[in-house]
Amino acid sequence: AQKVTQAQTEISVVEKEDVTLDCVYETRDTTYYLFWYKQPPSGELVFLIRRNSFDEQNEISGRYSWNFQKSTSSFNFTITASQVVDSAVYFCALSVWQAGTALIFGKGTTLSVSS
Amino acid sequence: DSGVTQTPKHLITATGQRVTLRCSPRSGDLSVYWYQQSLDQGLQFLIQYYNGEERAKGNILERFSAQQFPDLHSELNLSSLELGDSALYFCASSPGSGGTGELFFGEGSRLTVL
């Protein structure tokens, strides 16, 4: 069975601080996909990134970066120089490569950025 | 705008009632997924349809049912509603049947059961 754990329920930072959101996953499959989604206060789910299990390269997109480590089954998300607009719930999710499976989400981490 | 349309956006009803939530996937997407988001359970996968056929089933209660129609829109039917069914129900779509790609989520239907 697959599982995603986001141990941090809530994080509060002040603007311009860097913040890392942790994600640990469990799966026995060798081919899988990891995702991060953002849910701002307005409620919609916004896709941020997808990573497959064969690509351990870290990725940077503007102030966002992701660190994928298979050895520790982690896919952590760092926001550099956080801004108030980053306040949202962030979900890590896992999917395995087979038909008939769906995206399994972690419980989410609520990030509050104050000015 | 993800291209996934959900109606209604808000719904208030009473216990014991039945409601239907509707989802129109992105143009060209064959898979539709339903998720329930509640405060205590987080985002729970309910069910997936691919091109009209049920493809995967998650934690969907027997009081709930879904279907996908030939035009690929989907409906989630919730019956004998209980207070605990109050939640945000998301529909998502994807082009294929597997779990390799991004899911595109609608804005959700917020159900309040009084």
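No value in this document is a laboratory result; all are computed from the given coordinates. This structure is a prediction, so every number in the text was calculated from the model and none was measured. A quick note on method: Cβ atoms are made from the backbone with ideal geometry, for glycine too, and the neighbour counts reach across all protein chains shown.
Summary of values
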item	result
Unit Cα scatterers, Debye sum, region A:1-103: log10 I(q)/I(0) for q = 0.11 Å⁻¹	-0.33
Modelled FRET efficiency - R0 35 Å, B:Arg110 with A:Asn67, Cβ distances, 0.05 increments	0.55
Rg(Cα) / (2.2 N^0.38 Å) computed for the protein assembly as shown, rounded to two decimals	1.02
Contour minus Cα-Cα distance for A:Val24 and A:Ser42 (0.36 nm per residue)	3.8 nm
Violating pairs (Cα-Cα greater than 31 angstrom) within the set A:Lys38/A:Lys70; A:Lys16/B:Lys57; A:Lys16/A:Lys107	A:Lys16/B:Lys57
R0 of 22 Å, Cβ-Cβ distance A:Glu56-A:Thr80: FRET efficiency to nearest 0.05	0.60
